[in-house]
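Report on the following structure.
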Amino acid sequence: MCAIGHAMKRPTVALLTRMDQPLGRAVGNAVEVAESIACLRGDAGAGADDLMEVTYALGAEMLLLAGVAATREEAREKLAATIADGSALAKFREIVVAQGGDGRVCDDPAAVLPRAKFTAEARAGRAGFVREVDAMAVALGALRLGAGRIRAEDTVDHAVGFTALVKVGERVEAGGLLGVVH
């Protein structure tokens, strides 16, 4: 991708990120939108730290390329300020409305976004630490639930997915929540 950008005489940056577990704690259309809105509100909690780290890293590179910030630290501060002052969420609302969506989703995602008819909790059989999360298995599970298409004519169920996913390194008690299937 960088070679293409450079061939077009465009400044290009690539970031290598891990893909060994989902970013954040949600996988699926509506549940990811809800998590993103929580992040834009600044109330995502500790669960979305990895998601925000990648978001800040990508955003910082964009601000540097655009000449809006001189350093990564300055860029990160600018990004954090837009979340703190609400302008990031306001811009997201503007984009949603411009594309014909319901801007109220920013105020109350649960009232606007589709929700799955059923949920089921996955629980740990024993106590321990999460050693691995198979990101591909999670993605394929969401696909099989209907979160994506296998064939072009397939329909997408925007309500299905996973939430409350555990992260590598976390301690889980016997019977503790590993995630919720929607």
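Output the residues belonging to region 119-139 that are in a loop (DSSP other than H, G, I, E, B) and touching a residue at least 60 places away in the same chain (Cβ under 8 Å).
Listed by number, the residues that qualify are 119, 132, 133.
Test residue 18 against the criterion of being closer than 26 Å to residue 161 by Cα and assigned to a loop (DSSP other than H, G, I, E, B), and give yes or no.
yes
For residue 84, work out the one condition from (1) touching a Gly at 6+ places or on another chain (Cβ under 8 Å); (2) loosely packed, with under 15 Cβ neighbours inside 10 Å; (3) within 20 Å of residue 165 (Cα to Cα) it doesn't fulfil.
(3)
Report, by residue number, each residue of region 132-182 that is among the hydroxyl-bearing types (Ser, Thr, Tyr) and surrounded by 13 or more Cβ atoms within 10 Å (Cβ to Cβ). Outline the logic, then answer.
Pass one, region 132-182, residues among the hydroxyl-bearing types (Ser, Thr, Tyr): 155, 163.
Of everything in region 132-182, just one residue is among the hydroxyl-bearing types (Ser, Thr, Tyr) and surrounded by 13 or more Cβ atoms within 10 Å (Cβ to Cβ), namely 163.
Does any residue of region 22-33 turn out to be farther than 30 Å from residue 140 by Cα and of a type outside the set (Asp, Glu)? Spell out the reasoning first.
First, pick out the residues of region 22-33 that are farther than 30 Å from residue 140 by Cα: none.
The answer is no, given that none of the residues of region 22-33 is farther than 30 Å from residue 140 by Cα and of a type outside the set (Asp, Glu).
Please state which one of 68, 54 is surrounded by fewer than 18 Cβ atoms within 10 Å (Cβ to Cβ), of a type outside the set (Gly, Ala, Ser) and outside any helix (DSSP H, G or I).
Details: 54 fails: outside any helix (DSSP H, G or I).
Just a single option satisfies the conditions, and that option is 68.
Given the condition at positive phi, out of contact with any Phe, Trp or Tyr (no Cβ under 8 Å at 6 or more places or on another chain) and in a loop (DSSP other than H, G, I, E, B), answer yes or no: does some residue in region 147-164 qualify?
Here is the first cut: in region 147-164, the ones at positive phi are 161, 164.
Restricting the remaining residues to those that are out of contact with any Phe, Trp or Tyr (no Cβ under 8 Å at 6 or more places or on another chain) gives 161, 164.
Next cut, in a loop (DSSP other than H, G, I, E, B) only: 161, 164.
Checked against the condition, which is being at positive phi, out of contact with any Phe, Trp or Tyr (no Cβ under 8 Å at 6 or more places or on another chain) and in a loop (DSSP other than H, G, I, E, B), region 147-164 yields at least one hit.
Within the set of pairs 6+ apart or on separate chains, which have a first residue in region 166-182 that is touching a residue at least 40 places away in the same chain (Cβ under 8 Å) and basic (Lys, Arg), a second that is in a strand (DSSP E or B) and open to solvent by 60 Å² or more (accessible area, probe 1.4 Å), and C-beta atoms under 6 Å apart?
Listed pairs, sorted by first residue: 171/129.
Please enumerate the residues belonging to region 1-41 that are open to solvent by 30 Å² or more (accessible area, probe 1.4 Å) and in contact with a Phe, Trp or Tyr (Cβ under 9 Å, 6 or more places away or on another chain).
Passing the criteria: 25, 36, 40.
Can you say whether residue 104 is assigned to a helix (DSSP H, G or I) and more than 15 Å from residue 39 (Cα to Cα), as far as the supplied structure shows?
Numbers: assigned to a helix (DSSP H, G or I): yes; more than 15 Å from residue 39 (Cα to Cα): yes.
It is true that residue 104 is assigned to a helix (DSSP H, G or I) and more than 15 Å from residue 39 (Cα to Cα).
The values are calculated or read from the model by the stated rules, or taken from the named source; none is laboratory data. All values reported here derive from a predicted model rather than from experimental measurement. In this analysis, Cβ positions are derived from the backbone assuming ideal geometry, glycine residues included, and neighbour counts consider all displayed protein chains. The area values use the complete protein model at the heavy-atom level, side chains included, leaving out ligands, DNA and RNA. Shrake-Rupley method; radii C 1.70, N 1.55, O 1.52, S 1.80 Å.
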